[in-house]
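Student: My questions all concern the structure below.
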Amino acid sequence: MTYRALFPLALLLSACSSEVAPPQSAEPTPLAFMAPDGSDTNYDSPVAPYVLARGAGPSALSPDGTIIATRLSLTGDRQLYVMDATADDPQATLTQITFGSGITFFDFSPTGAMIYGSDNNGDERENYWLIAPDADAEYGWGEPRLILPATDQGFRQFGGFTGDGSTIVYSSTERNGEDFDIYEADVATGAATLVYEGELGNYVQAVAPDGSTAIISEAVGEDSDKLFVLDLETGERRGLSDPTPRANHTDAGVEYIDANTIVIATNREAEYAALTRISLDEDPQFEQIEAPLRDIDGLSLCGDTLAYTVNWSGFSASWVKPLSSFPKEIEGLPKGVHSLSCSNDSLLVRVTGPDRPGDLFLTDMNDLEVRPVFRSDFGELDPGSLIMPEVVSLIAQDGVEIFGLLYIPPAKTDSKPPVVFMVHGGPTAQARPGYNATVQYLLSRGIAVFQPNVRGSTGFGRTYVTLDDKKKRLDSVRDLVDMLDYLETDGRVDTDRAAVMGGSYGGYMVNAVLADYPDAFDAGVALFGVGDWVTALEVASPGLKASDIIEYGDITEPEWRDFYGEISPIAKADQIRVPVLYSHGAMDPRIDVHETEVMVRALRDNGVRADYVLIPDEGHGWRKIPNRLYYERVQAEFLEDVLGQ
C-alpha cells in the first residue's frame, strides 16, 4: 500500500492539462491580496497551539515488522521519519531520514528500503527517490538516490514493487501530458519501460508477489472504477469487473493472496463495500467473504490474516479475519479514523481523532494485544479541552436522509454560540472525525462547528454518492440550507450568526450557497474553489473530463455548457451580499487561481468585502507550517470579526 495525503484521483487528473489556460480579460486590474512574507509568522497567536499540535501522519510497518516509518512536519515541511518497532519505547528512537523538499508519499520495498516522492512547492510533478538502511551512515540510513526525475508532463501515481524489490510499477502522464500509462522501472538504473499505453485514467493498485501481473483500475466518474489484470510481460490488459450500475473496487486497497487470487472491498453487489475474494482466471469468480452493514474502507494483508476497517458514520472500527476463520474486532483502540499497515506478525494502526493528531499502535496478530508506540505531541495545548462530535442525521426537504458531524463548544455565556459550516471537498469524500486544528480552535473561541455530509458524499452507500450527479448538482447545495434550518430547530446554536467555509470542491459549495441562498449565511470562507464551472471543466485534463461526463456532464455539449453557464457561482455573483475570505496557492495544479480571482473581482466590483490571501509557495492546500500559521491566523481573525465573537 502507498501512503500519501489522499485526494480523489479525479481531482489529481485535473493537474494534467498544461496546454490550456483559463480565459482572462484583457489587462485585468491587479488584485490586492495578502501573502506571508516570512516576518509575520506568529507562533504566539491564539491559533498557533492548535496548528502546532503534531501527530504521526501516514505510517507504515516494514515487511519484517522491525521498522515503523511515518510522515511528520516537525521542521515545517513534511519529512520521513523511522522508529525501531522492536524497542521498548519506539518513539524514543524517532529519527528523521529525509531533508529538503517535503515528501509526497512513501512505501516500503520488500527489501526494507523505501521509495518516496517529492515535488516543487506543491506542483505535484514528483521525483521518485530510494533510501535504504545503512548501519554505517549517520542516521542509520544511506543518502537518498534519485530513481526517476520529475518531468514537465509527468504526473505520476505509484503502484508498487515487484516481489524482489528490483522494479517498481507506476502510472504516469509523461508520454503526452494527458493519459495515464503504466510503466515498469528498474530500481537500480531508473530505466523505465512502457508496459501499457492507456487512455484517460489507469492506475496500478497492486503488484503480484512474483511480479507477473498487476491489478489496474480505470476511473469511472469520481466514485467508481473498472477493474483489470495487466500482464506485465506482454502488456495485455484483461477485464475483471465492469458492473452496471457503476461500482467501486479499490478505495479500500487491493491485496494479492497469491499470484492468482486477490482480495478487495467492493460495493458491486450491494450498497456497502464488502470484503470480496476474486480469482484471476479467464472467468473470474467473486466470493463475498465479509459484509458488514457499512463500508469496509481500509484493507491490509498480515500473513494469512486480513485486517480491515469499517466506516460507521465516519468513525472507524478495526477488525482482523484469518482467511479461513471468523472476524474479530480489535479492542482498546481510541475513537477516530483508523488506517492500517501489516507485516506477517504485526499490525500497525494509526488513529487520528478530534482529541489526537495521530497516535500509533502495534497489535500482535496472535493475541490482538494493543501496544501504543507513538503518542501525539500537544505542546502547549491541553488535550482534555478537545471536543468530540456527535453524529447528526436529518431529512432534507425532498425526503432524502442527509448527515453531518456537530461540534458544540462548552457554554461560556447564556447566549447560543455562532456556527461555522465546514464543507468537505471532493465531492466524493466524507467529513470524518479526525484532528482538525481549525475546528478545535473555533470551539475554544465559543464557536460551534458543523461538518456536513451532503448527498454525493462517500460513506453512506452506493446510491447516496450518486445523488448529486449532473443536473442534481444543486440539490447538494440546498442540503446546506436544510441543515441550517435543522440546527435552528435543534436550538443549540445561533443560526443568525452562521458562516460557511470549504476548500476545493468545498470552496465551490461556499460560492454556490452564498449565491443561491443569499439570506442563509452571514459570511463565507472559500479556499481554492471553483467559481466558473465552464472554465474549470474546459481546462481539465481528458482524464478528468471522462469522470466529468458522469459526475457533471460533457462540457463540450451545448446542453451542459448552458447548464453550467447558468448555475456557476460567477453567473450569480451579484447575489452574494456577505463578506467572504478567499485564498489560493499560486502553484495549484488542480484548480487554477483564476477560479478564485474571478470571484474576488466580481464581489469587489459589487461593493462586497472580499479578502484575498495568495500563498506563493503552495499548491492545492497548505503543507508548510509557517504558511499554515499565517493563514489560520488570518482566517480566525476574519471569522471572529464577521461573527461578532
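Student: Considering only segment 424-469, state which residues are aliphatic (A, V, I, L, M) and under 30 Å from Gly221 (Cα atoms).
Tutor: Passing the criteria: Ala429, Ala431, Val454, Val465, Leu467.
Student: Collect the residues in segment 73-101 that are surrounded by fewer than 20 Cβ atoms within 10 Å (Cβ to Cβ) and at pLDDT below 95, keeping them in residue-number order.
Tutor: Ser73, Leu74, Thr75, Gly76, Asp77, Phe99, Gly100, Ser101
Student: Which one of these is farther than 18 Å from Tyr505 by Cα, in contact with a strand residue (DSSP E or B) (Cβ under 7 Å, 6 or more places away or on another chain) and without any contact (Cβ under 8 Å) to a residue 40 or more places away in the chain: Pro433, Pro389, Pro409?
Tutor: Selected residue: Pro409, the only one of Pro433, Pro389, Pro409 that is farther than 18 Å from Tyr505 by Cα, in contact with a strand residue (DSSP E or B) (Cβ under 7 Å, 6 or more places away or on another chain) and without any contact (Cβ under 8 Å) to a residue 40 or more places away in the chain.
Student: Looking for whichever is open to solvent by 10 Å² or more (accessible area, probe 1.4 Å) and at pLDDT 85 or above here; the options are Gly507, Gly565, Gly529, Gly524. Which one fits?
Tutor: Result: Gly565 is the single residue among Gly507, Gly565, Gly529, Gly524 that is open to solvent by 10 Å² or more (accessible area, probe 1.4 Å) and at pLDDT 85 or above.
Student: Filter segment 452-466 down to the residues that are in contact with a Phe, Trp or Tyr (Cβ under 8 Å, 6 or more places away or on another chain), touching a residue at least 40 places away in the same chain (Cβ under 8 Å) and within 21 Å of Leu487 (Cβ to Cβ) and list them by number.
Tutor: Pro452, Asn453, Arg455, Ser457, Phe460
Student: Considering only residues that are open to solvent by 10 Å² or more (accessible area, probe 1.4 Å) and touching a residue at least 40 places away in the same chain (Cβ under 8 Å), which ones fall in segment 207-223?
Tutor: Listed by number, the residues that qualify are Val207, Pro209, Asp210, Gly211, Ser212, Thr213, Ala219, Val220, Glu222, Asp223.
Student: Hey, among Phe315, Phe361, Phe326, which residue is of a type in the set (Phe, Trp, Tyr), at pLDDT below 95, open to solvent by 10 Å² or more (accessible area, probe 1.4 Å) and out of contact with any helix residue (DSSP H, G or I) (no Cβ under 9 Å at 6 or more places or on another chain)?
Tutor: Result of the check over Phe315, Phe361, Phe326: Phe326.
Student: Any idea which of Pro383, Pro433 is over 22 Å from Ala498 (Cβ atoms) and either of a type outside the set (Asp, Glu) or crowded, with 17+ Cβ neighbours inside 10 Å (or both)?
Tutor: Answer to the selection: Pro383.
Student: What is the number of the single condition among (1) in contact with a helix residue (DSSP H, G or I) (Cβ under 7 Å, 6 or more places away or on another chain); (2) open to solvent by 40 Å² or more (accessible area, probe 1.4 Å); (3) modelled with pLDDT of 95 or more that Tyr582 does not meet?
Tutor: So the condition that Tyr582 fails would be (2).
Student: Next question, about the same structure. Scan (1) surrounded by fewer than 14 Cβ atoms within 10 Å (Cβ to Cβ); (2) among the charged types (D, E, K, R); (3) more than 26 Å from Asn366 (Cβ to Cβ) for the single condition Asp304 breaks and write down its number.
Tutor: (3)
Student: From Ala526, Ala520, Ala512, which residue is in contact with a helix residue (DSSP H, G or I) (Cβ under 6 Å, 6 or more places away or on another chain) and either more than 23 Å from Pro579 (Cβ to Cβ) or in a loop (DSSP other than H, G, I, E, B) (or both)?
Tutor: Ala520
Student: Where the second residue is open to solvent by 60 Å² or more (accessible area, probe 1.4 Å) and the first is part of a helix (DSSP H, G or I) and lies in segment 481-496, which pairs have Cβ atoms under 6 Å and are six or more apart or on separate chains?
Tutor: What qualifies is Val481/Tyr517; Asp482/Gln397.
Student: Hey, any hits in segment 468-477 for a residue that's modelled with pLDDT under 95, of a type in the set (S, T, N, Q) and crowded, with 20+ Cβ neighbours inside 10 Å?
Tutor: Among the residues of segment 468-477, not one is modelled with pLDDT under 95, of a type in the set (S, T, N, Q) and crowded, with 20+ Cβ neighbours inside 10 Å, which makes the answer no.
Student: Name every residue in segment 313-352 that is farther than 27 Å from Arg54 by Cβ and touching a Lys or Arg at 6+ places or on another chain (Cβ under 7 Å), in order of residue number.
Tutor: Trp319, Val320, Pro327 - these are the residues of segment 313-352 that are farther than 27 Å from Arg54 by Cβ and touching a Lys or Arg at 6+ places or on another chain (Cβ under 7 Å).
Student: Could you identify the single residue in Thr111, Thr151, Thr104 that is assigned to a loop (DSSP other than H, G, I, E, B) and in contact with a Lys or Arg (Cβ under 9 Å, 6 or more places away or on another chain)?
Tutor: Thr151
Student: Can I ask one more? Could you tell me which numbered condition Gly57 fails, if it satisfies all but one of (1) modelled with pLDDT of 90 or more; (2) touching a Phe, Trp or Tyr at 6+ places or on another chain (Cβ under 7 Å); (3) crowded, with 20+ Cβ neighbours inside 10 Å?
Tutor: (2)
Student: Right, another one. Just one of Leu230, Leu240 is in contact with a Phe, Trp or Tyr (Cβ under 8 Å, 6 or more places away or on another chain), part of a strand (DSSP E or B), among the hydrophobic types (A, V, I, L, M, F, W, C) and more than 30 Å from Tyr464 (Cα to Cα); which is it?
Tutor: Leu230 is the lone residue from the list that is in contact with a Phe, Trp or Tyr (Cβ under 8 Å, 6 or more places away or on another chain), part of a strand (DSSP E or B), among the hydrophobic types (A, V, I, L, M, F, W, C) and more than 30 Å from Tyr464 (Cα to Cα).
Student: Filter segment 591-623 down to the residues that are touching a residue at least 12 places away in the same chain (Cβ under 8 Å), assigned to a loop (DSSP other than H, G, I, E, B) and surrounded by fewer than 20 Cβ atoms within 10 Å (Cβ to Cβ) and list them by number.
Tutor: Within segment 591-623, Val593, Asn606, Val608, Arg609, Pro616, Asp617 qualify.
Student: On to the next question. State all residues of segment 550-559 that are out of contact with any helix residue (DSSP H, G or I) (no Cβ under 6 Å at 6 or more places or on another chain) and touching a residue at least 12 places away in the same chain (Cβ under 8 Å); if no residue qualifies, say none.
Tutor: Correct list: Ile550, Glu551, Tyr552.
Student: Condition check: of a type in the set (Gly, Ala, Ser) and either surrounded by 19 or more Cβ atoms within 10 Å (Cβ to Cβ) or in a strand (DSSP E or B) (or both). Does Ala270 satisfy that?
Tutor: no
For every residue, the table says whether it meets (1) surrounded by fewer than 19 Cβ atoms within 10 Å (Cβ to Cβ); (2) farther than 16 Å from Leu368 by Cβ; (3) aliphatic (A, V, I, L, M); (4) in contact (Cβ under 8 Å) with a residue 12 or more places away in the chain.
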site: Tyr308; (1), (2), (3), (4): no, no, no, yes
site: Gly336; (1), (2), (3), (4): no, yes, no, yes
site: Ser339; (1), (2), (3), (4): no, yes, no, yes
site: Asn344; (1), (2), (3), (4): yes, no, no, yes
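The values are calculated or read from the model by the stated rules, or taken from the named source; none is laboratory data. Everything quoted here is computed from the prediction, not taken from an experiment. Cβ sites come from the backbone with ideal geometry, for glycine too, and all protein chains shown count toward neighbours. Heads up: the accessible areas ignore ligands, DNA and RNA and are worked out on the full protein's heavy atoms, side chains in. Shrake-Rupley method; radii C 1.70, N 1.55, O 1.52, S 1.80 Å.
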